[in-house]
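Read through the structure below, which is laid out as structure tokens, and then see the notes.
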Amino acid sequence: MKERKRIAQQRQYLLEKLSSDELLKSARSLTSPSSFIVPYDPADAMAADEVRHGLVGDLAARGIRVADVNVYDVALATLDGEGLYEDLVGVEPDVGKQDFTDALKDAVDVEKELVPRIKEAAADHDLLFLSGVGECYPFVRTHRLLENLTVPIPVVTFFPGRYESNADGSTSLDILDIPQGVAGGYYRARNIYDL
């Protein structure tokens with residue numbers, strides 16, 4: 001297992017990669033993926049937020065427009081907009097964890113609810129940053145969100161966990177460092193630190 005980079009020390013590296021022509025033009029390429037993962041130790045969540053916010057400003061100074069979308073905030077807005085938030089909070093203590101997770105999955109459908117809202121937020125931007133995926137686990141699975149999200153700009157997911165490349169060539173998004181195996185497989189994204 002490769003040692004994980006500390007995100008707090010990676011801001012300059014990330015700025016250079018995220019502002020590179022290679023990355024910015026990757027969405028136009030048919031051979032290169034335009035989805036990138038910035039994995040970080042879940043214990044470094046506050047540092048990751050600081051780095052991400054700083055990068056938005058740094059990239060804006062270079063003329064790069066970033067849509068900075070917190071998936072958890074979008075999920076909460078979806079629940080609130082449908083009048084479901086209070087109902088779900090009310091029933092949570094009385095139902096099992098799996099039943100509650102299933103209810104959240106139904107209420108915050110990735111394809112019907114999250115993807116359209118994220119696409120709308122990404123319009124007229126050069127890059128899309130996604131955060132808040134750890135807070136949405138397990139009712140929103142990152143690999144499923146990325147599989148369904150097609151936008152004409154590069155997508156950069158700030159990911160609390162590991163993006164593992166396995167010996168058989170498969171990959172796994174291990175959110176919160178919980179091994180996902182084939183359930184977390186995602187093949188179209190690239191680890192930003194491998195660029």
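Every number in this text was worked out from the coordinates using simple rules, so none of it is lab data. Because the structure is predicted, anything quoted here is derived from the model rather than measured. Counting neighbours? That spans all protein chains shown, and the Cβs are built from the backbone with ideal geometry, glycine included.
Rg to Rh for the chain: what is it, with Cα atoms only and Rh by Kirkwood? Can you show the working numbers first?
Values: Rg = 16.7 Å, Rh = 17.3 Å.
When Rh is taken as the Kirkwood radius, the ratio is 0.97.
Sum up the lysine pairs in the chain that clear both bars: alpha-carbon distance under 22 Å and a spacing of 8 or more or different chains. Write out the running numbers ahead of the final one.
On the way: Lys2/Lys17; Lys5/Lys17; Lys17/Lys25; Lys25/Lys119; Lys97/Lys105; Lys105/Lys119.
Number of lysine pairs found: 6.
Report the FRET efficiency, 1/(1 + (r/R0)^6), for Glu16 and Asp49, where r is their Cβ-Cβ distance and R0 is 22 Å, rounded to 0.05. The partial results should precede the final answer.
On the way: r = 20 Å, r/R0 = 0.93.
About 0.60, to the nearest 0.05.
Simple spin-label model, 7 Å along Cα-to-Cβ: Ile178 to Val89 in nm?
Label-label distance for Ile178 and Val89, simple model: 2.3 nm.
Before rounding to the nearest 500, sum -39500 (n - 2.57) across all DSSP H runs of length at least 4 in the chain and divide by the residue total; then give [θ] at 222 nm in deg cm²/dmol.
Numbers: 9 runs with 77 residues, N = 195.
The per-residue figure over the chain is -11000 deg cm²/dmol.
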